[in-house]
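As structure tokens, the structure follows; a few thoughts come after it.
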Amino acid sequence: MHWRRRRLSGLRAVSPIIAALLLTAITIACGVVLWSLRIHTPTVGVQIDYVAEGDQTEPAWGDPTDCSNDTIYASCDGLPAFFIVFTAHSPQNIPLVDLDFEMLCNHTSLLNGTFAAMEVIPGTGANPGTGAPALGQCGTWHPSKSGTTATYFNRLAYFEQIVPGTTVLHDGDIFVVYEHPLANFCDRNGNCPDDDYHGAPPWCFTSQSADCEIQIAYTGNPATIVAVIPIIDIGG
């Protein structure tokens, strides 16, 4: 009986240890299960910093009538423009396909396209490919006599990369946005004023009620507008 009591006493002393170990194992197992079933929350909000530089000049792009011959390889006339230069952003690797550029004018969309779709390398002779965004309209005004799908985005704006061909945004990337030339601007074919469309309409720079602005949006998760740039504040 003495040996038996000692045996039972020993079992009682070990049982709390085993219980603690079992509880710890269950807790770890539950933690693993909960981690594997954890709902992935949206990423931290996207932030983009930029500077808008007015009173710039940029060679015409996508228009042989403003160049020295019939190809875009040639030297082209300079047109008034402003630049949107991206100076900082987070997170670091924001896909260009998830960034959207839209110019609103007289409560309508004049241009809407992703950074990736609007990227060009000036002087290479490359033209917008299939699916490149076309210009829309500015209220009841259309940028082309041929209709709203006849003029590509690069008559108004284009995205130029500091590292051509990459798929993410880099500090130093730039949007070139043309301003509509003055009425006395003539192209190389002698048309005065220039008979084909370039740039934001002139009233965007003088009329507050025109509500001309550029919106830059992140279309990933969560989707959000990251910048609103009133054109009237830039110049003209």
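Distant-in-sequence amide contacts of LEU169, defined by a placed amide H-H separation under 5 Å and a gap of 5 or more residues or a different chain, comprise ILE94, LEU96.
Between amide H atoms placed 1.01 Å from N, distances below 5 Å from HIS180 occur with ALA200, all of them 5 or more places distant or on a separate chain.
Computed from phi, the 3J(HN,Hα) profile of region 172-177 under the Karplus parametrisation 6.51, -1.76, 1.60 (θ = phi - 60°) reads x, 4, 9, 9, 9, 10 Hz, with x in place of Gly and Pro. In sequence order, what are the phi-derived ³J(HN,Hα) couplings for region 84-100 according to the Karplus relation 6.51 cos²θ - 1.76 cosθ + 1.60 with θ = phi - 60°, rounded to whole Hz, with x for glycine and proline? Calculated HN-Hα couplings, in order: 10, 9, 7, 9, 7, 6, 8, x, 5, 9, 8, x, 5, 6, 9, 10, 10 Hz.
Bear in mind that the values in this text are calculations on the coordinates, not laboratory data. Predicted, not measured: the structure shown is a model, and the values here were computed from it.
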